[in-house]
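A.B. asks: What follows is a structure written as structure tokens; I'll ask about it next.
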Amino acid sequence: MICVTIGRGRHQHMIAEHKALVEQGAKLVELRLDYISRNVDLSRLLKDRPGPVVVTCRRREDGGRWRGTEEARQMLLRVAIASGAEYVDLEEDIAEKLPRFGSTKRIVSYHNFQETPEDLDALHARLAMANADIVKIATMANSVDDNLRVLKLIKESTIPTIGLCMGEIGTPTRILNAKFGSPFTYAAFQADREFAPGQISYAEMKKVYHYEKINAETEFYGVIADPVGHSLSPIVHNTAFQHDGLNKVYLPFRVVREDLESFLESCPEFGVKGLSVTIPHKESVLPKIDHQDPSVEEVQSVNTILFTKSGLYGYNTDFQAALVCLAKGVGAEEIEGAFEGKTALVLGAGGVSKTIANGLHHNGAKVVVTARTDERAERLAGTLGCRVVKWEKRQEIIPDILVNGTPVGMHPNLDETPFDIEHLPPTAVVFDTVYNPERTLLLKQAREANLTAISGAEMFIRQAAMQYRLFTGKKAPKDIMYRVFKSSISAAKYEESGT
């Protein structure tokens, strides 16, 4: 179950949002009395309420906005209990001062916005002893290990427990509460109005993660990155899972470099079945891989991990997807022999450029590398044993294949392009790995010149579809994945424009 938090300055807005949420299917709402800017009229909020509520009035030291006296705050909570509110949230230090009465269930809570304490078991025991029906622990995650400790606490608790880690690192705990046995999790009414760092909106919980379908048997997957909030992989994979009726969920994991090894080692214990891997971990995970697909051996980079009884299997679907896209672009039915004798100019020396340059080089192309940082271009060219040119000299190359692996032209810099294509031959293929926007200025100009143009969106969906097959053993619903991908990009632009 999802408990949606409402905090507004006026009673009428709280009431209106409560009704709207119930109409949207919300089964439980938290009323944050500390957000009301005038004297709280609790009877107005509780009378004729459209659904069950958690009444909360949080002090400033606990992350709230209460400006009145402590006596007045506790009196409000007493009134909530006497009025028959379904739940009331009580901090540990006041729980014993407010006796149990009627049918109201007591959530005894602890909040720490700095860290996740080491001795969670002792903390939990104290809260449970305060006549709690539900224990709630919300702490700041400073490492992925904090997430794992909190989820383990939920799973092993004999009393119903809500365990949440705050911040971007802690986001997975908000979704995995259901799998590990929590009675409910918390969500914000709107994406731009979170009540704790890392809180997810109700709409996202329902439409992206399908939280209320998650149970103990749900298999989970995810993407590891730093940062990870921008990733579109969760919505693409979760939409595909739901379309195929699979009891699986895909999560964003922000994993910093220092936590990578411990995170990977903990994944099997907590039931992680597979991971997508992106910046900055594609090369860092290599020492942990027990079995490498030939694509990984070729490019020494991993973007997909499967956890099996015989160890970690590493794959690189970026490599495969890019080469398939380019082979089709040059009119070939398969990768083998598609690039023999062709000159390929690769712009950039980052992860995606390394992958594509490697693939083209090992499949017979004459690769030329250029980047805005000379040292990086020279390092990549040296690894491949191919030619390198300075960035300002890139226009002197007349390639058969042009690959943009730089962020030039990415949203919001839509009027930028990394290459002037007017001198390209009429048979040239232009591949832009940028996928937001799908039609960059580089690709628009290529199409206007009647050149073959390949978008980053095509590569993204193709590699995601390959990952999906690895995760599920099923053919991916590519059309569905592409449709939700496009709508997500459009929605992001709409929100950023402020319209």
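The values are calculated or read from the model by the stated rules, or taken from the named source; none is laboratory data. For clarity, every value in this text was computed on a predicted model and none was experimentally measured. Counting neighbours? That spans all protein chains shown, and the Cβs are built from the backbone with ideal geometry, glycine included.
A.B. asks: If residue 367 satisfies every condition in (1) part of a helix (DSSP H, G or I); (2) closer than 27 Å to residue 439 by Cβ; (3) among the hydrophobic types (A, V, I, L, M, F, W, C) but one, which is the exception?
C.D. replies: For residue 367, the exception is condition (1).
A.B. asks: When you go through 444, 486 one by one, which is the residue that is closer than 17 Å to residue 230 by Cβ and either among the charged types (D, E, K, R) or in a loop (DSSP other than H, G, I, E, B) (or both)?
C.D. replies: 486
A.B. asks: Can I ask one more? For region 122-143, which residues satisfy the criterion of being more than 15 Å from residue 183 (Cβ to Cβ) and either under 29 Å from the mean Cα position of the chain (by Cα) or in a loop (DSSP other than H, G, I, E, B) (or both)?
C.D. replies: Listed by number, the residues that qualify are 130, 131, 139, 140, 141, 142, 143.
A.B. asks: Can you pull out the residues in region 310-333 that are free of Cβ contacts under 8 Å to residues at least 60 places away in the same chain and not in a helix (DSSP H, G or I)?
C.D. replies: Answer for region 310-333, where residues must be free of Cβ contacts under 8 Å to residues at least 60 places away in the same chain and not in a helix (DSSP H, G or I): 310, 311, 312, 313, 314, 316, 331, 332, 333.
A.B. asks: Could you tell me whether residue 448 is assigned by TED's automatic domain parsing to the domain that holds residue 350, in contact (Cβ under 8 Å) with a residue 24 or more places away in the chain and of a type outside the set (Ser, Thr, Tyr)?
C.D. replies: Spelling it out, it is not the case that residue 448 is assigned by TED's automatic domain parsing to the domain that holds residue 350, in contact (Cβ under 8 Å) with a residue 24 or more places away in the chain and of a type outside the set (Ser, Thr, Tyr).
A.B. asks: Of all the residues that make up region 16-50, how many are in contact with a Pro (Cβ under 9 Å, 6 or more places away or on another chain) and either part of a helix (DSSP H, G or I) or not assigned by TED's automatic domain parsing to the domain that holds residue 105 (or both)?
C.D. replies: 5
A.B. asks: Does at least one position in region 300-309 carry a residue that is without any contact (Cβ under 8 Å) to a residue 12 or more places away in the chain and of a type in the set (Lys, Arg)?
C.D. replies: Yes, because at least one residue in region 300-309 is without any contact (Cβ under 8 Å) to a residue 12 or more places away in the chain and of a type in the set (Lys, Arg).
A.B. asks: Restricting attention to region 234-255, report how many residues are touching a Pro at 6+ places or on another chain (Cβ under 8 Å) and buried (at least 20 other Cβ atoms within 10 Å of the Cβ).
C.D. replies: Of the residues in that region, 7 qualify.
A.B. asks: Condition (residue is in a strand (DSSP E or B), farther than 22 Å from residue 13 by Cα and over 31 Å from the mean Cα position of the chain (by Cα)) applied to region 69-90: is it met by at least one residue?
C.D. replies: Yes: one or more hits.
A.B. asks: All but one of (1) part of a helix (DSSP H, G or I); (2) assigned by TED's automatic domain parsing to the domain that holds residue 273 hold for residue 476; which doesn't?
C.D. replies: (1)
A.B. asks: Would you point out which residue out of 411, 423 is surrounded by fewer than 17 Cβ atoms within 10 Å (Cβ to Cβ) and under 23 Å from the mean Cα position of the chain (by Cα)?
C.D. replies: 411
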